[in-house]
Amino acid sequence: MTHLRRRQRSHMLAQHRSLRETLGRITATSELTHLVRLLDDLHAQLEPHFAEEEAADGLAEVVGAVAPQHVRHLERLMAEHRVLLATLDGLVARGRSLLSDVVGDYVREVRALSQRLREHEAQETALLSDAVHADIGSG
């Protein structure tokens, strides 16, 4: 294996390690806002990664040079790149929609409750203040 191929292979393995780390964070996340951000990060990693793998001097060239028996399997994996990116795009869009719809509704309800509680507390304070001043005034 030439020095260039070793460097390419090392670079690709490092990218795969980084992708596994991102996928681990995605798997460990259940908070929707953070999850959508991580999916955006994953897309930003995958697009150039897939482009490098599909390039003329990419993964096919590396695998073909050392293990030509795996080229057909690799071709199937390469064909899956577009499907994976389209699925990821759909999940990101759906997550954003949920955030704007469901989370937006939830935030509005929380703000409405907060406003009601502020008004409630203000009325109690006014009532207490009136009662204390009325008690002092009648003494």
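Only the coordinates and a few stated rules stand behind these numbers; no lab work does. Please read these numbers as outputs of a predicted model, since none were measured by experiment. Heads up, the Cβs are rebuilt from the backbone with ideal geometry, glycines too, and the neighbour counts pull from every protein chain shown.
Hey, with R₀ at 30 Å, roughly what FRET efficiency would Glu54 and Arg94 work out to, going by the Cβ-Cβ distance, to 0.05?
0.65
If I fit a long axis through the Cα atoms of helix 71-98 and take the longest principal axis of the Cα atoms of the chain, what angle between them do I get, 0 to 90°, rounded to 10?
In the chain, helix 71-98 runs at an angle near 10 degrees to the longest axis.
Within region 29-44, what residues put their amide N at less than 12 Å from the label point 7 Å along the Cα-to-Cβ vector of Val107?
33
Over all directions, average the projected area of the Cα convex hull of the chain and note it in nm².
Result: a mean projected hull area of 12.9 nm².
With angles folded into 0 to 90 degrees, how steeply does helix 3-27 sit against the dominant principal axis of the chain? Use alpha carbons for both and round to 10.
Compared with the principal axis, the helix lies near 30 degrees.
Share of Cα-Cα pairs in region 1-75 beyond 17 Å, in percent?
53
Find how much the distance from Leu117 to Ala44 grows on full extension, using 0.36 nm per residue of separation minus their present alpha carbon separation; answer in nm with one decimal.
22.0 nm
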